[in-house]
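Novice: My structure is below; once you've seen it, I'll send some questions.
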Amino acid sequence: MATSLNNLKNRLGSIKSTKKLTNAMKLVSSAKEKKLSNEYNLALEFYNRFMKIFNNSIFINPNNPDCDYFNNNLLKTYESNKRLLIVITSNNGLCSGYNNDVIHYLKNYYQKNDEILIIGERGRNELLKENIELNEKFVDYLKENTNNFDELRKYLVETFNKGIFKEVDLIYTHYHNSLISKVESLKLLPIDIKENRKRNYSPTFEPSKDEIINYLIEEYLYYTLFIKIFDSRIAEESARRLAMENATKNADELIDDLNLEYNKIRQSNITSEINEVSSASKIAKR
């Protein structure tokens, strides 16, 4: 019985130490999530204003012959059966099903001949187990260039202009709120231009139409990469907070169960000792 009590004490001590660690990690992730969420909301406001300018400058109107922007390579659809899939995963673990959800989505989205440009070591490691060929040029990109997407944008533009891929898609995780995140996909290239029949005017471009259109398209790619990958970073931190929160709750439940078991054994030992003393007393009286 003494051995059982000692084992339970050791287990309780170990679980309590683990609980302190998971609770601390939960608090850290919660603070990071809140900070990232506040920064994201400011960035999203800027992005939405930019998109308003973009859509008012580049749009399709069948009644307006001046709305012809398809001489730009990034608006063309190439004859190819290949897609480039940019997949955003995490570099670090302990974020519950975050990476698993992305990989599951990718497996359903993936088609034969597609090329996968993986970002994040965790996703790379999981996909290598599946014997899927990967483009690892930017696998550590988020670790090194958290807020600079110019290098990635240039690579995508150069790659797409070669005509190898019919489109470039981004697979990321959208943060809805502190409890819900969802894996989504977005076609980055060729850029889809919205139809707007109400816009019968022809925008005036200075210094020239081509220069402004090229500039807007490059900025569109940069800011879209920025906002969507930023979105994934919040979702990752949220998943990590939830994982640590659940681990802390599980530790509390396990501690309660072990305390109950410890008290039962201890009470049983005390009762047994009382019985032994009582029996010895009766024998002595005889």
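Novice: Give region 79-105 a look and list any residue that's of a type in the set (A, V, I, L, M, F, W, C), farther than 16 Å from Asp140 by Cα and under 13 Å from the mean Cα position of the chain (by Cα), or say none.
Specialist: Selection gives Leu94, Cys95, Val102, Ile103.
Novice: Residues in region 81-112 that are small (Gly, Ala, Ser) and surrounded by 14 or more Cβ atoms within 10 Å (Cβ to Cβ): how many?
Specialist: The qualifying residues number 2.
Novice: Please indicate, with yes or no, whether at least one residue in region 65-78 is under 23 Å from the mean Cα position of the chain (by Cα), touching a residue at least 12 places away in the same chain (Cβ under 8 Å) and on the phi < 0 side of the Ramachandran plot.
Specialist: Within region 65-78 (the criterion being under 23 Å from the mean Cα position of the chain (by Cα), touching a residue at least 12 places away in the same chain (Cβ under 8 Å) and on the phi < 0 side of the Ramachandran plot), the answer is no, since none of the residues qualifies.
Novice: Another question about this same structure. Pull out all pairs, ordered by first then second residue, where Cβ-Cβ is under 8 Å, the residues are six or more apart or on different chains, the first lies in region 35-62 and is among the aliphatic types (A, V, I, L, M), and the second is surrounded by fewer than 16 Cβ atoms within 10 Å (Cβ to Cβ) and not in a loop (DSSP other than H, G, I, E, B).
Specialist: Ile60/Glu195
Novice: Can you confirm whether Arg233 is buried (at least 19 other Cβ atoms within 10 Å of the Cβ), touching a Cys at 6+ places or on another chain (Cβ under 9 Å) and of a type outside the set (Val, Ile, Thr)?
Specialist: Here the answer is no, as Arg233 does not meet what is asked.
Quick note: the coordinates plus some simple rules give every number you see, no bench work behind them. The model shown is predicted, which means the values in this text are computed figures rather than measured ones. Positions of Cβ are backbone-derived with ideal geometry, glycine not excepted, and every protein chain shown enters the neighbour counts.
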